[in-house]
Amino acid sequence: MTALRAQPPVTVSVFVQRCSATRLGATLARRLAVWKLDVWGVPYGTQLSDTVALLVAELAANAVLHGRVPGRDFELRLVYAYGTGVVRVEISDTHEARPDPAAAPRPDPEADGGRGLLVVEETAARWGVSDRLGPGKTVWAETGPVAR
């Protein structure tokens, strides 16, 4: 009889979901993100959950408002590293325009909007833009390590 081997522990979990490039799709992405974190052991209302919710909300809103191509969805991808508590949020869209992390625009103080990337810059440990397979780009943000 063969001896059973223990499986190595899971150290990273990944979740991917396509959402419609609409306000409802952006809301769904945020809700799915905090739900998935809860499934992975990060409860609703914790600092990590709230930070990820904010990052997903801002990046998904940008994908809907600035990265929308008619007839194309955007994609949410979450990567959670259990050992460090770092969460990487990726939002991919098919629009060619790319934000510049080094030159996040400073909005008019009187304007109603235009602060999304500033919020991401101040909230995330780091963020950036990368190429994706196919048209468009991926805007990503990572949380800092969680103290254990």
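The values are calculated or read from the model by the stated rules, or taken from the named source; none is laboratory data. Predicted, not measured: the structure shown is a model, and the values here were computed from it. For neighbour counting, all protein chains shown are included, and Cβ atoms are generated from backbone atoms with ideal geometry for every residue, glycine included. The area values use the complete protein model at the heavy-atom level, side chains included, leaving out ligands, DNA and RNA. Shrake-Rupley method; radii C 1.70, N 1.55, O 1.52, S 1.80 Å.
Points to keep in mind about this one:
- Efficiency of FRET between His66 and Asp131 - r from beta-carbon atoms, R0 22 angstrom, step 0.05: 0.80
- Peptide packing: for 4-12, 73-81, the average count of neighbouring Cβ atoms within 10 Å per residue gives the ranking 73-81, 4-12, highest mean first.
- Selection from Gly25, Thr94, Val79, by position along the positive dipole direction of the chain (Cβ): Val79
- Once the Cα atoms are used to define both axes, helix 47-65 deviates from the longest principal axis of the chain by about 40 degrees.
- Heavy-atom accessible surface of the chain: percent carbon and sulfur, 1.4 Å: 54
- Cα pair distances exceeding 17 angstrom across the chain, given as percent: 61
- Cβ-placed point charges (K, R +1; D, E -1), dipole of the chain about Cα centre in debye, nearest 20: 560
- Estimated from helical segments only, the mean residue ellipticity of the chain at 222 nm is -9500 deg cm²/dmol, where each DSSP H run of four or more residues counts as -39500 (n - 2.57).
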